[in-house]
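J.: One structure is given below, represented as structure tokens, and several questions about it will come after.
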Amino acid sequence: MSNPSSKPIQESAAKPPESFQARKAKLRQLFLSQLPGRLADARRVVADWRGLEPDRTELEALRVLFHTLKGSGATFGFQPIADRAQDAEHAVRQVLEDEETTTAGTLRNTLTGILDDLEHLQRTAEGQAAPDPPPAFELAPREPHPERGSDRSQRLIYLCDDDPALAAQLAGQLGCFGYRVQAFTTLTELAEAVTQETPAALILDIVFPEDSNGGPKMLSELTGRGEEDLPCIFISCRDDFQGRLQAVRAGGSAYCTKPIKTVEMLEFLDRLTNPNPPEPINVLVVDDDQELAQFHATVLEEAGMVAKAVSDPEQVLELLDHFDADLVLMDMYMPECSGPELSQILRQIPGHVSLPIIYVSSETNVERQHQAMAAGADGFLTKPIEPAQLVAEVNLRAERMRILHSLMVRDGLTGLFNHNAIMQFLEIAVANARRADAMLCFAMIDVDHFKAVNDTYGHPTGDQVLMALSRTLRLRLREDDMVGRYGGEEFAVVLNGVTLAQAKDIIDDLRNSFAAVTFYADGQEFRCTFSSGVSDFPTFATPDAMTEAADRALYQAKHSGRNRVEIALADPSASAEDDTFSAHRQATDAATTDADQRSHDGE
Ligand SMILES: Nc1nc2c(ncn2[C@@H]2O[C@H](COP(=O)(O)OP(=O)(O)OP(=O)(O)O)[C@@H](O)[C@H]2O)c(=O)[nH]1
């Protein structure tokens, strides 16, 4: 992936209206209809030799032509055509590699014979009814994504605990993170509610006054009634093996001990109710054989990926500027530029150094495969490739690359974008806003008296607070708003398409949500607040100016009593305050560096 900002092109993520079967039949037909033209081209070249020696360029072009025929013939299920094309490729290669032993005349005779055969095979294939699809065309139907509420606020959670205070408190906490929680104190009420509307998940106490194993029994009963897919998190004072075993046997998906840690509970809820299918994998397919490129793209799209097919290697760089490819599937032999050459070009461009490249070729010679891989490719697949294998290989490599990429741009503690990534986002957002004359705001957020949290409850509890805040930010903001950890206990948010007043309201809303979260440590409860400064474009016209202005406003928010949001004015007042601000920034930076170092050191 080139940079953290570029968004995948969405156009073909939706299932195309035409079925896979129909598309593959069309491509197959296209292959057959274009075959006479290709054979005629080859025949012309061979006939032109007359008594003369063929030159190497012509031979190389012929080799690629027959090689392509071999690959696409096999892929489209015309094995006899593929076999004869392989014979032709072999004959041409022999002349290219060992000119002494085969004369031009011999080669011309061989190729003419093969071309006769190929034309005959082409006519036979055309005349036949469509043959049974070869196994290579079969692809298991895709599992549809389960349809739970796609809007996070619609994620209904049923919580059942006989302690009304605990139930109300936990419901309130989870509500701060965008969940719609309905609390019940009896199992009968819960069972009745499930009949009315199935929730996205259950949170269920284990011990009830009427039955010390009431929760697990209720889950088993619900499952028996047909609610098999209902995820359930058990909550309990018991932390012993037997308690956990009962929960697992009843089909519990997770287990939290009381007092409930909100962050932990949210982790489970997010995982169990995640309504968003993973972002589709983007694949660029490069093959000079247009139908084959299209066919492989079709196979990948059928598996839910976004695939772009291109037959001219020269278009690849420009395409990659707009298409955030997770992986490139590349033919090895192409007339204008070979696969290994294209791989080398890509490897010499910083943004594409780690872009996975897989060759798809009918080259079976292991030595030549290794040579091609040495140019910087990551894998080799031999044509014809089973669609299921193609999908599996692409999935595996692209997912791994996504994880690596994510490690590079994400903060380890909170999972938010790290400092560099969020600053890069801001830069891109400013450029976009300038180009589109759009509104843009930037907010800096800093936890109040955070040092006291660490000093009082310990660093791990401080970490929990940071995780809770990052979650609040991530869950409550829109998808195109970017959230990052600026450093230490400071966070940064890029808000697209909002006015300064709207941004202030949004951050104020977040501030209220966060202030309502109760944390527990050492048997004690406590709450935290944050302060924030917000700046806007074009009042501040560069990323640096926006950052500095937001930081200054943040300082003002701290100075005015904390737990508040201040907006950055175009004309920052008194210079005396400026000096105080600079001193504050230096001190904060020093503390942050110190903390970053400590968390880096694993403290
Ligand atoms: N637990 C934890 N603490 C961190 C982390 N990064 C920074 N800190 C701490 O955050 C604290 C920031 O303290 P200060 O800059 O004095 O600010 P503050 O106490 O929040 O006070 P105000 O910002 O003025 O409200 C320092 O004690 C840092 O050690 C982290 O990753 N985890």
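J.: Only one of Val248, Val299, Val328 is in a helix (DSSP H, G or I) and outside the structural domain of Thr223 (by TED's automatic domain parsing); which?
T.: Answer to the selection: Val299.
J.: How do the pairs read when you match residues in region 552-563 that are under 12 Å from Met444 (Cα atoms) with residues anywhere that are within 9 Å of the ligand (Cβ to nearest atom) and part of a helix (DSSP H, G or I), using Cβ under 6 Å and keeping only pairs 6 or more apart or on different chains?
T.: Filtered contacts from region 552-563: Tyr555/His584.
J.: Restricting the search to region 484-506, which residues are within 16 Å of the ligand (Cβ to nearest atom) and not acidic (Asp, Glu)?
T.: Answer for region 484-506, where residues must be within 16 Å of the ligand (Cβ to nearest atom) and not acidic (Asp, Glu): Gly484, Arg485, Tyr486, Gly487, Gly488, Phe491, Ala492.
J.: Just checking, how many residues over region 213-252 are surrounded by 17 or more Cβ atoms within 10 Å (Cβ to Cβ) and free of Cβ contacts under 8 Å to residues at least 24 places away in the same chain?
T.: Result for region 213-252: 1.
J.: Collect the residues in region 432-457 that are more than 8 Å from the ligand (Cβ to nearest atom) and more than 21 Å from Val493 (Cβ to Cβ), keeping them in residue-number order.
T.: Listed by number, the residues that qualify are Arg435, Asp437, Thr456, Tyr457.
J.: Here is a list of conditions, (1) buried (at least 16 other Cβ atoms within 10 Å of the Cβ); (2) within 16 Å of the ligand (Cβ to nearest atom), and Gly412 meets all of them except one; can you say which number that is?
T.: For Gly412, the failing item is (1).
J.: What pairs come up if the first residue lies in region 272-294 and is over 25 Å from Pro384 (Cα atoms), the second is part of a helix (DSSP H, G or I) and at pLDDT 90 or above, and their beta carbons are under 6 Å apart, counting only those six or more places apart or on different chains?
T.: Partner pairs satisfying both residue conditions: none exist.
J.: Then there is this: Before we move on, is Ala377 part of a strand (DSSP E or B) and either within 16 Å of the ligand (Cβ to nearest atom) or surrounded by 21 or more Cβ atoms within 10 Å (Cβ to Cβ) (or both)?
T.: no
J.: Restricted to region 490-537, and to residues that are part of a helix (DSSP H, G or I) and among the aliphatic types (A, V, I, L, M), which residue is surrounded by the fewest Cβ atoms within 10 Å (Cβ to Cβ)?
T.: Ala501
J.: Residues of region 257-296 being surrounded by 19 or more Cβ atoms within 10 Å (Cβ to Cβ) and outside any helix (DSSP H, G or I), which ones?
T.: Correct list: Ile260, Pro280, Ile281, Asn282, Val283, Leu284, Val285, Val286, Asp287, Asp288, Asp289.
J.: To continue, here is another question. For Leu404, state whether it is away from the ligand (no atom under 16 Å from the Cβ), in contact (Cβ under 8 Å) with a residue 24 or more places away in the chain and out of contact with any strand residue (DSSP E or B) (no Cβ under 8 Å at 6 or more places or on another chain).
T.: Yes, satisfied.
J.: Out of (1) of a type in the set (Asp, Glu); (2) closer than 30 Å to Ala515 by Cβ; (3) in the same structural domain as Ala377 (by TED's automatic domain parsing), what's the single condition that is false for Asp287?
T.: (2)
J.: Evaluate the following for Glu393: is it of a type in the set (Asp, Glu), away from the ligand (no atom under 11 Å from the Cβ) and buried (at least 16 other Cβ atoms within 10 Å of the Cβ)?
T.: Here the answer is yes, as Glu393 does meet what is asked.
J.: Go over the candidates Arg435, Arg485, Arg478, Arg471 one by one and state the one that is surrounded by fewer than 17 Cβ atoms within 10 Å (Cβ to Cβ), charged (D, E, K, R) and either closer than 24 Å to Cys528 by Cα or in contact (Cβ under 8 Å) with a residue 40 or more places away in the chain (or both).
T.: Arg478
J.: Between Asp463, Asp446, which is among the charged types (D, E, K, R), more than 16 Å from Asp536 (Cβ to Cβ), in contact (Cβ under 8 Å) with a residue 40 or more places away in the chain and outside any helix (DSSP H, G or I)?
T.: So the residue among Asp463, Asp446 that is among the charged types (D, E, K, R), more than 16 Å from Asp536 (Cβ to Cβ), in contact (Cβ under 8 Å) with a residue 40 or more places away in the chain and outside any helix (DSSP H, G or I) is Asp446.
J.: Moving on to the next point. Could we say that Gln94 is closer than 23 Å to Ser311 by Cα and not in a loop (DSSP other than H, G, I, E, B) here?
T.: no
J.: Just for region 469-483: of the residues that are touching a Leu at 6+ places or on another chain (Cβ under 8 Å) and within 20 Å of Glu264 (Cα to Cα), which one is farthest from the ligand (Cβ to nearest atom)?
T.: Ranking the candidates gives Arg476 first.
J.: Condition first: buried (at least 18 other Cβ atoms within 10 Å of the Cβ), more than 30 Å from Pro80 (Cα to Cα) and among the β-branched types (Val, Ile, Thr). Can you find one or more residues in region 326-337 that meet it?
T.: Within region 326-337, none of the residues are buried (at least 18 other Cβ atoms within 10 Å of the Cβ), more than 30 Å from Pro80 (Cα to Cα) and among the β-branched types (Val, Ile, Thr).
J.: Take Glu525 and tell me if it is more than 16 Å from the ligand (Cβ to nearest atom) and over 19 Å from Glu267 (Cα atoms).
T.: Criteria met by Glu525.
J.: Give the residue, chosen from Arg56, Arg63, Arg43, that is out of contact with any Ser or Thr (no Cβ under 7 Å at 6 or more places or on another chain), more than 30 Å from Leu390 (Cβ to Cβ) and at pLDDT 85 or above.
T.: When all the criteria are applied, what remains is Arg43.
The values are calculated or read from the model by the stated rules, or taken from the named source; none is laboratory data. Nothing here was measured: the structure is a model prediction, and the numbers come from that model. No Cβ is skipped: glycine too gets one built from the backbone with ideal geometry, and neighbour counts run over all protein chains shown.
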